[in-house]
Amino acid sequence: MAREQTRYVCQQCGAVHAKWIGKCEDCGGWNTIVEETVQKVPRGLGGAKGRLAFVDLKGESADAPRRCSGIAEFDRVCGGGLVPGSALLVGGDPGIGKSTLLLQIAASLATGGGLDCAYVSGEESIDQVRLRAHRLGVRGAPVRLAAATSIRDIAGALDRADAPHFVVVDSIQTMYLDQLDSAPGTVGQVRATAQELIRLAKLRGFTLMLVGHVTKDGLIAGPRVLEHMVDTVLYFEGERGHEFRILRAVKNRFGPTDEIGVFEMTDAGLAEVPNPSALFLGERQNPSSGAAVFAGVEGTRPMLVEIQALVAPSTFGTPRRAVVGWDGNRLAMVLAVLEARCGVEFGARDIYLNVAGGLRISEPAADLAVAAALLSALTFEPVAPGAVVFGEIGLSGEVRRVGQADARLKEAAKLGFTSALVPPARGGADPGLEIHAIRHVKDLVARFGDSAPAPPRRAGGRP
């Protein structure tokens, strides 16, 4: 009998290796190489009569039906509601509120939408889920509960004509398939169990919600193919010291990506925040140095948030750069532009940058607001009262236009702001705001005075 041929395949990038190694040479992943049996392809398939029927690209297709959960922030992120037969993956840090959010969604669909909902927990017992439901005030919702980790048992309950309309599996790392010898949570188990659950969701037409753990880098644990298998990938973000939680879509086959939903963690669960700008600016004090209001856009929603900066003399040979809520590399670029193009010295000072409210900003439009906050902290002069700031800074110091400028200005005017420091606009400005065009960072530096503070003296009397 011929011996079966095996190969070693990376479960993250799909690279094939001749032997097992601890680190994949292609993607750099550790312990991702798994031995697989080579499947022999029958000869003569090229001349066989296939059953695949092609259709023309031109044609009409019905829009995907939607099931609204009744939670507007969640429906916004999903593109207007849940699509039957779709699979969604939700990731987030431990204790951030993933299980709480999904239990509230299931209860809302079962109570308000009249759907048959099931919640399968592999980490908690039924009593623990009931205690959470009692705390959230949804104990009376007609949601069916089960505590199981075997995919064979779960598939037997879902593979039927009267399958539930909405199924939550918490979490995919705890599920196992008895046909594999590996332990639950390994690459092979996560891929195989997710594939079986997604197959059932497509076959029976129910919406599947998978909960995924995240690594220390903030990415969903397991093979990257897991994110390719599902229709929607959602990340639940937030700082433990803040009550705000951000639900962010990074992939959505049935709606826009980079859309966010804002929630507030309370004693009774997660509450929607319909106006995030007012909430993030609610605790803002009178204009003070080192603070600038940035008019940003998250997905399709304009959002105003305060950027805070602190510039202090450094007591060490290497000044410290601490950033919360923004890209540290982007901060280094803005500092380099201010020093090289404008002569503003930051080299001997510690710099601390924070985005108030625990929000994470990734768009380059925040460059000008960060520069304004830094200059304000350096010169001890507040930014113009009632002003919002946005714009992208180039390496030569020019300030470039950003997208959806009109939506940013309208949101600022709605919240009572009176002026804006923005790049030169092509069309007419918003009549409700006084527009100050910033063409170069030198124009911004000039608004804080021509003379900057002298470089601070370090310990020992040296400047």
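The values are calculated or read from the model by the stated rules, or taken from the named source; none is laboratory data. Quick caveat: nothing in here was measured; it's all calculated off a predicted structure. Every residue, glycine as well, gets a Cβ built from its backbone with ideal geometry; the counts of neighbours run over all protein chains shown.
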> So residue 165 fits all but one of (1) touching a residue at least 60 places away in the same chain (Cβ under 8 Å); (2) on the phi > 0 side of the Ramachandran plot; what number is the exception?
Replying inline: (2)
> Taking only pairs six or more apart or across chains, which ones have beta-carbon atoms under 8 Å, a first residue in segment 124-152 that is assigned by TED's automatic domain parsing to the domain that holds residue 171, and a second residue that is loosely packed, with under 13 Cβ neighbours inside 10 Å and hydroxyl-bearing (Ser, Thr, Tyr)?
Replying inline: 147/125
>> Take the conditions more than 24 Å from residue 413 (Cα to Cα) and modelled with pLDDT of 90 or more and apply them to residue 304. Does it pass?
In response: no
> Is it the case that some residue within segment 262-274 is outside the structural domain of residue 358 (by TED's automatic domain parsing), under 18 Å from residue 303 (Cα atoms), touching a Gly at 6+ places or on another chain (Cβ under 8 Å) and surrounded by 17 or more Cβ atoms within 10 Å (Cβ to Cβ)?
Replying inline: yes
>> I'm told residue 226 meets every condition in (1) within 16 Å of residue 92 (Cα to Cα); (2) part of a strand (DSSP E or B) except one. Can you identify the failing condition by its number?
In response: (2)
>> Yes or no: segment 338-353 includes at least one residue that is aliphatic (A, V, I, L, M), under 31 Å from the mean Cα position of the chain (by Cα), within 15 Å of residue 438 (Cα to Cα) and not assigned by TED's automatic domain parsing to the domain that holds residue 249.
In response: yes
>> Of everything in segment 391-405, what is without any contact (Cβ under 8 Å) to a residue 60 or more places away in the chain, over 17 Å from residue 361 (Cβ atoms) and among the aliphatic types (A, V, I, L, M)? Give them in sequence order.
In response: 399
> Can you pull out the residues in segment 132-164 that are assigned to a strand (DSSP E or B) and under 20 Å from residue 207 (Cβ atoms)?
Replying inline: 143, 144, 145, 146
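Here's the yes/no breakdown for (1) over 24 Å from residue 228 (Cβ atoms); (2) modelled with pLDDT of 85 or more; (3) in a helix (DSSP H, G or I); (4) assigned by TED's automatic domain parsing to the domain that holds residue 181:
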residue	(1), (2), (3), (4)
3	yes, no, no, no
14	no, no, no, no
19	yes, yes, no, no
51	yes, no, no, no
>> For segment 237-258, give me each residue that is of a type in the set (Gly, Ala, Ser), under 16 Å from residue 98 (Cβ atoms) and either at pLDDT below 90 or assigned to a loop (DSSP other than H, G, I, E, B) (or both).
In response: 238
> Restricting the search to segment 391-415, which residues are closer than 13 Å to residue 295 by Cβ and either over 25 Å from the mean Cα position of the chain (by Cα) or part of a helix (DSSP H, G or I) (or both)?
Replying inline: 405, 406, 407, 408, 409, 410, 411, 412, 413, 414, 415
> Quick one: which of 334, 355 is aliphatic (A, V, I, L, M) and under 22 Å from residue 245 (Cβ atoms)?
Replying inline: 355
>> If I ask for residues that are more than 22 Å from residue 183 (Cβ to Cβ) and at pLDDT below 80, which ones from segment 28-49 would you list?
In response: 38, 39, 40, 41, 42, 43, 44, 45, 46, 47, 48, 49
>> Being among the acidic types (Asp, Glu) and without any contact (Cβ under 8 Å) to a residue 40 or more places away in the chain is the requirement here; does residue 339 meet it?
In response: yes
>> Which pairs turn up if I take residues in segment 246-260 that are outside the structural domain of residue 362 (by TED's automatic domain parsing) and look for partners that are among the basic types (Lys, Arg) with beta carbon separation below 8 Å, at least 6 apart in sequence or on another chain?
In response: 246/360; 257/251; 258/248; 259/76; 259/248; 259/301; 260/248; 260/301
> strands (runs of 3 or more DSSP E) wholly in segment 262-380 with at least 1 residues that are closer than 23 Å to residue 403 by Cβ and out of contact with any Pro (no Cβ under 7 Å at 6 or more places or on another chain) - which ones?
Replying inline: 291-298, 301-313, 349-355
> Of everything in segment 365-400 that's out of contact with any strand residue (DSSP E or B) (no Cβ under 8 Å at 6 or more places or on another chain) and surrounded by fewer than 24 Cβ atoms within 10 Å (Cβ to Cβ), which residue is modelled with the lowest pLDDT?
Replying inline: 385
> Before we move on, is residue 388 in contact (Cβ under 8 Å) with a residue 60 or more places away in the chain and in a strand (DSSP E or B)?
Replying inline: yes
> Only one residue in 120, 190, 168, 129 is crowded, with 19+ Cβ neighbours inside 10 Å, touching a Gly at 6+ places or on another chain (Cβ under 6 Å) and not in a loop (DSSP other than H, G, I, E, B), so which one is that?
Replying inline: 190
> Taking segment 288-305, which residues are crowded, with 16+ Cβ neighbours inside 10 Å and over 29 Å from residue 80 (Cα atoms)?
Replying inline: 289, 290, 291, 292, 293
>> So, in segment 356-376, how many residues would count as being touching a residue at least 60 places away in the same chain (Cβ under 8 Å) and under 20 Å from the mean Cα position of the chain (by Cα)?
In response: 9
> Looking only at segment 215-236, which residues are surrounded by 20 or more Cβ atoms within 10 Å (Cβ to Cβ) and modelled with pLDDT of 70 or more?
Replying inline: 226, 230, 231, 232, 233, 234, 235, 236
>> Which numbered condition in (1) within 19 Å of the chain's Cα centre (by Cα); (2) surrounded by 13 or more Cβ atoms within 10 Å (Cβ to Cβ) is the only one that residue 310 fails?
In response: (1)
